[in-house]
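Trainee: Here it is: the structure, laid out below.
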Amino acid sequence: MPISQLAVRKKTKITRSSRKSKTASKTKKKTKSATKKKAFGGYAISFAGRTETAEQIFGKKPIAPSEMTKKIWTFVKSKRLSNK
């Protein structure tokens with residue numbers, strides 16, 4: 001097959017209905033970004049000025065990461081370190 005035949009593209013007609021659907025999809029995208037939901041979470045925790053060590057918070061025995069998370073949140077809530 002000659003190269004000149006490979007470079008030829010098929011021309012397609014754009015009808016009114018296809019134009020409308022294209023513009024409608026653009027407006028849908030704009031409305032989605034305009035009505036964004038607030039991000040989940042949003043806690044700000046400040047450990048500045050704390051003198052507690054990791055042993056005081058977690059204990060001396062090895063614990064699972066899930067237990068660490070629970071103990072950190074218990075500590076944060078008891079000392080009122082979060083903004084919520």
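Trainee: Taking K and R as +1 and D and E as -1, what net charge do the other residues with C-beta under 14 Å from the C-beta of residue 56 add up to?
Mentor: Working: positive: 50, 60, 61, 71, 79; negative: 52, 55.
In short, +3.
Trainee: Using 0.36 nm times the number of residues separating residue 83 and residue 48, minus their current alpha carbon distance, what extension gain do you get?
Mentor: Details: separation 35, 0.36 × 35 = 12.60 nm, distance 1.36 nm.
This chain segment gains 11.2 nm when fully extended.
Trainee: What is the local net charge at residue 74, summed over the other residues whose Cβ is closer than 13 Å to its Cβ (Lys, Arg +1; Asp, Glu -1)?
Mentor: On the way: positive: 70, 71, 77, 79, 80; negative: 52, 67.
Taking every Cβ under 13 Å from that of residue 74, the sum is +3.
Trainee: Could I ask something else about it? Compute the signed sum of charges (Lys and Arg +1, Asp and Glu -1) over the other residues within less than 12 Å, Cβ to Cβ, of residue 46. Please report the intermediate quantities before stating the final value.
Mentor: Working: positive: 50, 79, 80; negative: none.
Combined, the nearby Lys, Arg, Asp and Glu give +3.
Each reported figure results from applying straightforward, stated rules to the coordinates on display, with no laboratory input. The shown structure was predicted, so the numbers you read here are calculated from the model rather than taken from an experiment. Don't worry about glycine lacking a Cβ; one is built from the backbone with ideal geometry, like all the others, and counts go over all protein chains shown.
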